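Below is one structure, written out as structure tokens, with a few remarks after it.
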Amino acid sequence: LIYKLNGPQCWYDYRFDPTMLLKDTYWNMSIWNYIISNLMATYDLKQDKPIEAPVFLSLGIQDYLVPYTLWDDQKEKIPNLSYNLFEISGHYSFFEEEELFRTKVIDWIEKLRNEN
């Protein structure tokens, strides 16, 4: 239900009904709330141990749940960041622009492989 209610904030097509994506899925809200409240809310890229692993960041321009602009002052804090902004996506660019997303991920993996 929460995904349906947040639809206008998450999807490029605000009328999209994600019910089919969650069919037969159990969502443990207590774990989700713990992750959001305790882990993600307190992690500070500047203060905590920096992320050294390669990071593929996928953001949609139409994401109003977690707008891409929130990353403007965070991007430089992750040294090995691949920043990808998707024009026709909300929060779920891997679903909404699947082919472009797949191409970008494969290119990123290939680039990492060639560097090592």
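Carbon-plus-sulfur accessible fraction, the chain (probe radius 1.4 Å, protein heavy atoms only): 57%. Here the chain is treated as a sphere whose radius is the Kirkwood value from Cα pairs; by Stokes-Einstein at 20 °C and 1.002 mPa s it diffuses with a coefficient of 133 µm²/s.
Taking the longest Cα principal axis of the chain as reference, the axis of helix 98-115 is set at about 20 degrees. If you run the Gaussian network model on the chain, springs between alpha carbon atoms under 10 Å, then out of L70, L100, L57 the most flexible one is L70. Of the chymotrypsin sites (Phe, Trp or Tyr not before Pro) found in region 20-116, those that fall in a DSSP loop while having at most 11 other beta-carbon atoms within 10 Å are Y26, W27, Y43. Distance from the alpha carbon centroid of region 61-116 to that of region 19-48 works out to 19 angstrom. Placing unit charges on the Cβ atoms only, positive for Lys and Arg and negative for Asp and Glu, gives the chain a dipole magnitude near 260 debye about its Cα centre. Accessible surface calculations at 1.4 Å, restricted to protein heavy atoms, place the chain at 74 Å² per residue.
The values are calculated or read from the model by the stated rules, or taken from the named source; none is laboratory data. What you are looking at is a predicted structure, and each value in this text was computed from that prediction instead of being measured. FYI the Cβ positions are ideal-geometry reconstructions off the backbone, even for glycines, and counts take in every protein chain you see. When the accessible area is computed, the model is the full protein with side chains, heavy atoms only, and any ligands, DNA or RNA have been set aside. Shrake-Rupley method; radii C 1.70, N 1.55, O 1.52, S 1.80 Å.
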